[in-house]
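This report concerns only the one structure given below.
The values are calculated or read from the model by the stated rules, or taken from the named source; none is laboratory data. Remember, predicted model here, so these are calculated numbers, not experimental data. Cβ coordinates were reconstructed from backbone atoms using ideal geometry, including for glycine residues, and neighbour counts include every protein chain displayed.
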Amino acid sequence: MSPAATSTPAAAPVAEPAPAGRPFPAVLRDYYELVRPRIVGLVLFTMVIAAVVSSAGSVAWLTLLHAVSGSTLVIIGAIALNARLERASDVKMVRTAGRPLPAGRLPQRQVAWFGAITSVVGGVYLAALVNGWIVVLAVVSWIVYVWIYTPLKIFTAWQTPIGAVAGAMPVLLGSAAVGEPFNTTALALFGVIYLWQFPHAMAIAWLYRRDFAAADLRVATVVDPSGRTAARLAVFGAIALIPVSMVPVFVGTAGWAYGSIALLLGIAYLLPSLLFWSRRNDIAARLLLRISFAYVPVVFLAILLAV
């Protein structure tokens, strides 16, 4: 059983403002940790591949660079504001109490300003150097993530289906960057990322269910401690993912080399989802989580090589 799921959550010290005189490199490290670089990296990875696939091989690389730069600012701004809004719950959870904001290493007001400024600068940058569609989609994604998904966590387990929209939106940012915001393949890749999040999120919800309960967050495993609801959501996402991931083959964007990889990975993702549905234990959830980490990079690289 995961230590984060079994240990008694300890409240971290809250400091406002952060201690004076901290070395500048330490502050930079905290801001780097604050903006969740691994998540940003995965988001930008899917965005760039969606742009290349949507452009049919004719990529305006300078425009795409501007799109990535502006989107990065909007994304890290949203993540910073999310961290500020969730500080009260983060201090109650073992898995998050050591992060810069709940641990008191960064002042709340400073983080709020950082998030707001980077979000606005990113939006203006996209408007000036890319196009209107990417601005609209970036704003919609920002609103869903910061003002809908984040507050919903304390009210309802519907946070996952709604928040997954923001998680998948960078794919459409990529296609919008090359002037094809709603082409069929981009929409299919949006669906892939959207559905992929269900098993992934449910595995995390199970492994850290005691943390989430201590923080009064209404994830599926808190609303239904038996895990049945979480397991159903995981299986739903994994089953629906298989036909959606095959859409690029059906519309002729990619061939059966990609299709075979997507199908095999879909089955590989479905099997641990079914195991989790059957067993509802930490071993099954951890296996599901590990396979979820491999799914997106492999499927997106496969479609990149197929076009």
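Any idea which residue in the stretch 1-15 is modelled with the highest pLDDT, counting only those that are in a loop (DSSP other than H, G, I, E, B) and exposed (fewer than 11 other Cβ atoms within 10 Å of the Cβ)? It would help to see each step written out before you state the result.
In the first step, residues of the stretch 1-15 are kept if they are in a loop (DSSP other than H, G, I, E, B); the result is 1-2, 7-15.
Retained after the next criterion (residues that are exposed (fewer than 11 other Cβ atoms within 10 Å of the Cβ)): 8, 13.
Details: T8: 33, P13: 41.
Here the residue is P13.
crowded, with 17+ Cβ neighbours inside 10 Å, β-branched (V, I, T) and more than 22 Å from the chain's Cα centre (by Cα) - does that describe any residue in the stretch 250-269? Yes, some residue in the stretch 250-269 is crowded, with 17+ Cβ neighbours inside 10 Å, β-branched (V, I, T) and more than 22 Å from the chain's Cα centre (by Cα). Annotation note: of L28, L81, L85, L65, the sole residue that is within 19 Å of A138 (Cα to Cα), hydrophobic (A, V, I, L, M, F, W, C) and surrounded by fewer than 22 Cβ atoms within 10 Å (Cβ to Cβ) is L65.
Rundown of residues vs (1) farther than 21 Å from V68 by Cβ; (2) crowded, with 21+ Cβ neighbours inside 10 Å; (3) touching a residue at least 60 places away in the same chain (Cβ under 8 Å); (4) not assigned by TED's automatic domain parsing to the domain that holds V59, yes/no style:
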| site | (1), (2), (3), (4) |
| --- | --- |
| M93 | yes, yes, yes, no |
| L106 | yes, yes, yes, no |
| R109 | yes, no, yes, no |
| A127 | no, no, no, no |
| P151 | yes, no, yes, no |
| T156 | yes, no, yes, no |
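Can you give me the ranges of the helices (runs of 4 or more DSSP H) entirely in the stretch 30-115 with at least 3 residues that are hydrophobic (A, V, I, L, M, F, W, C)? If you could, list the steps in order and put the result at the bottom.
Values: elements: 37-54, 61-85, 87-90.
Hits in the stretch 30-115: 37-54, 61-85.
So for the stretch 280-295 (the condition being charged (D, E, K, R), in the same structural domain as Q197 (by TED's automatic domain parsing) and over 23 Å from the mean Cα position of the chain (by Cα)), does at least one residue qualify? Yes, that holds for at least one residue. When we screen T156, T150 for residues that are of a type in the set (S, T, Y), assigned to a helix (DSSP H, G or I), closer than 23 Å to A230 by Cα and modelled with pLDDT under 95, the only hit is T150.
Each row is one residue, and each column tells you yes or no for (1) aliphatic (A, V, I, L, M); (2) within 17 Å of P297 (Cβ to Cβ); (3) surrounded by fewer than 23 Cβ atoms within 10 Å (Cβ to Cβ).
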site	(1), (2), (3)
P170	no, yes, no
L173	yes, no, no
A176	yes, no, no
E180	no, no, yes
A186	yes, no, no
V192	yes, yes, no
F198	no, no, no
M202	yes, no, no
R210	no, no, yes
